[in-house]
Amino acid sequence: MGIYIEAYAIDLSALTMWVDRSVGDALFYLARNASVDDRAVFIAYDPKTKYRYSPRSSGRVVRSGNGSQIVEISEGDGAAIPLFQRSLVSYLKRGSVYDLKFLLDCLSSCTDVSFVKQLTDGYRRSWIGSVLQTSKDLALLPNQEQIELENFFRKILHGWDCDYPVERWTQGFGLDRFPFAPEEDPDTRLTVMSETDCGRLLTLIERILGQNPRFVPPADTDFADDKTDWDGWVRSMLDAFLVMRTLRFRELRLLTFIG
């Protein structure tokens, strides 16, 4: 299946206000407002009963698991379910990275949510190697800025290769400054970038694109045959990040998931 990167821009202050609710409120909100039929959805799991609760279309929340049939749960039923009364923030903190990722995915599909923007959706990481390789080979950035660019991508990669030689980043991933960061997961890793870091990353991307280079596959990739227009693909990835320039967020954060 490969290792993929998903990226979201969020307004931290607005998201923090939104998650100040119960798990049950979140499930019913997503059921009423999110596009839940064509995506991996946020699921609340109760380890005591081994039941899973998930939003479905038309405002429905259903229960599954523990060998039982799927049962629809009304808001009245939810009042008697302890998990539904639990703080969503507490649930996210003690949950997995997947809980946060699937929650952001659902929120990004809600028409009345303007504080979560999905930037990339499950793309392989060879485009990062292409950007770094092209930038270095053509000397598009001064040496110090090239190192700075590599460091930003090292944080996103969490030690995974990108077909360009970069060392594993070990100096922190911003989770300590994220108020409801989940437990770390060995299969999917989270990076949180501050507004300042986002600004610098976008500036470096703009400087590279401003010189109109032609992006080519990194030397070590075996993925090039899958892309007939490699240059166009890499540019589309960079343009996706540049969308952050258009967002009017009070507290911009970039969240990336790799796994």
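The values are calculated or read from the model by the stated rules, or taken from the named source; none is laboratory data. Because the structure is predicted, anything quoted here is derived from the model rather than measured. Quick reminder, even Gly has a Cβ in these numbers, built from the backbone with ideal geometry, and neighbours come from all protein chains shown. Ligands, DNA and RNA are excluded from the accessible area calculation, which covers all protein heavy atoms including side chains. Shrake-Rupley method; radii C 1.70, N 1.55, O 1.52, S 1.80 Å.
Before moving on, here are some points about what is shown:
- Pairs linking a residue in the range 242-255 that is within 18 Å of residue 156 (Cβ to Cβ) to a residue that is polar (S, T, N, Q) and in a loop (DSSP other than H, G, I, E, B), with Cβ atoms under 7 Å and 6 or more positions apart or on different chains, are 253/194.
- Residue in the range 225-240 that is β-branched (Val, Ile, Thr), modelled with pLDDT of 95 or more and closer than 27 Å to residue 159 by Cβ present: yes
- Any hit, the range 208-216, residues being open to solvent by 30 Å² or more (accessible area, probe 1.4 Å), over 16 Å from the mean Cα position of the chain (by Cα) and closer than 22 Å to residue 9 by Cβ: yes
- Residue in the range 113-121 that is of a type in the set (D, E, K, R) and either without any contact (Cβ under 8 Å) to a residue 60 or more places away in the chain or surrounded by fewer than 18 Cβ atoms within 10 Å (Cβ to Cβ) (or both) present: yes
- Of all residues making up the range 153-181, the number that are open to solvent by 10 Å² or more (accessible area, probe 1.4 Å) and assigned to a helix (DSSP H, G or I): 5
- Residues located in the range 144-167, provided they are within 20 Å of the chain's Cα centre (by Cα) and over 20 Å from residue 6 (Cβ atoms): 149, 150, 151
- For residue 70, the test of being farther than 29 Å from residue 120 by Cα, of a type in the set (Val, Ile, Thr) and modelled with pLDDT under 95 is passed.
- Residue match in the range 190-207 (condition: hydrophobic (A, V, I, L, M, F, W, C), at pLDDT below 95 and assigned to a helix (DSSP H, G or I)): no
- The residues in the range 148-169 that are within 19 Å of residue 187 (Cβ to Cβ) and among the β-branched types (Val, Ile, Thr) can be counted, and the count is 1.
- When the range 123-143 is filtered for residues that are open to solvent by 20 Å² or more (accessible area, probe 1.4 Å) and within 24 Å of residue 3 (Cα to Cα), the ones remaining, listed by number, are 123, 124, 125, 133.
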